[in-house]
Amino acid sequence: MKKKISVIGAGNVGATTAQLIVQSGIADVVLFDIVEGMPQGKALDMAEACPLWNSAATIRGTNRYADTTGSDLVVVTAGLARKPGMSRSDLLHANVDIVRGACMEIAKHSPNSIVIIVTNPMDVMAQLAWKTTEFSCRRVMGMGGILDASRLAAFLAWELHISPEDIEAVVLGGHGDDMLPLPRFTTVKGIPLTEILPKKKIDSLIERTRNGGAEIVSFLKSGSAYYAPAASTFQMVKSILLDEKRVLPCAAFLNGEYGIKDIYMGVPVILGEKGVEKIVEVKLTKEEKAQFRKSSATVKKLVEKLSI
Ligand code: APR
């Protein structure tokens, strides 16, 4: 029997993630939203594309959590997206209620599931999801680092006029503004980036990556990025579902790793069928450590403010 994945929130990120899963054929999908008819319509549309995608996966849209029962994996994208001038933290209060509500339903209907949080501010929402579901921290994680790394890789590929496939960008820390890119571990076919580009150029591309989400919001006017966020989420889904054990940067619960305790932070992890199977520790320089601590302090402050 195929595995069952529920996607909570059938907006841009949720529907695109559902599409990638269904198109790949690796699992059956339930697409949930509070808006009546919308997930049903999108699901029917995707189901009608399955013959063209050569996919035997099924997809069903719903407004009832009962239909998500027994999911192996749940992706949470429900919430409000950023508008121009809004930071991810501005979304906080509205999204806290939405994510908490969704997680209570996930715990009730899919007690053995693995949960991937996409809703922003993602690091804080991952912590909220872990607290609300009371699942093992191995089974609750956030999507962010893959997206930041992919954005950086895209900009580097344009700068160097090479295929992005040959770029391995390494990014840790909080998602977006607080990210901690590691140029000395970022490589072009194994060659450190620091040997290929001058520091000034690297810094400018990192700055563009840091503002990558906002750059797209300013073009779109209403709504935020979703193709790359969905592709990043799909990479996590695939590594877990197929037990690929890929090393991917995700928001994971730190229990002393990187000198940080009791907080979700973006770090490289091994993702497999059990969820976060191992946190990979990279030796950081003094400056990098300070930046990582600063990034975690921002998340911690928000977590404390919300008494999560
Ligand atoms: N339960 C389920 N779905 C909900 C709920 C809820 N309580 N509240 C809102 N939603 C749904 C909305 O109806 C909408 O369809 O969540 C969906 C969000 O979709 P979009 O507005 O298109 O936002 P999207 O671009 O998909 O972003 C979703 O992911 O990347 C992050 O910052 C982004 O937090 C945002 C989230």
Completion exercise
Where a ≥ b ≥ c are root eigenvalues of the Cα gyration tensor, a/c under 1.5 meaning rounded, otherwise prolate if a/b exceeds b/c and oblate otherwise, region 222-267 counts as oblate
Fill in the blank from the handout: Farthest towards the positive end of the dipole of the chain, among LEU193, SER24, ILE114 and with Cβ unit charges of +1 on Lys and Arg and -1 on Asp and Glu, lies the Cα of LEU193
Fill in the blank from the handout: In the structure shown, of LYS42/LYS83; LYS274/LYS294; LYS201/LYS283; LYS238/LYS278; LYS238/LYS305, the pairs separated by more than 28 angstrom at the C-alpha atoms are LYS274/LYS294; LYS238/LYS305
Completion exercise
At the level of C-alpha centres, the distance separating region 1-48 and region 258-285, in angstrom, is 29 Å
Problem - Relative contact order, percent, the chain [alpha-carbon distance under 8 Å, six or more residues apart] - result: 16 percent
Problem - Cα-based shape type of the chain, given that a ≥ b ≥ c are square roots of the gyration tensor eigenvalues and the cut on a/c is 1.5 - result: prolate
Exercise for the section: Using only the Cα atoms of region 196-290, build the gyration tensor, take square roots of its eigenvalues as a ≥ b ≥ c, and label the shape rounded, prolate or oblate: rounded if a/c is under 1.5, else prolate if a/b is larger than b/c, else oblate. Expected result: oblate
Completion exercise
Rounded to whole angstrom, the alpha-carbon centroid of region 196-244 lies from that of region 133-171 at a distance of 7 Å
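Coordinate-derived values only; no laboratory data. Here the structure is a predicted model, which is why all the values come from computation and not from measurement. All Cβ positions, even for glycine, are placed from backbone atoms using ideal geometry, and neighbour counts span all protein chains on display.
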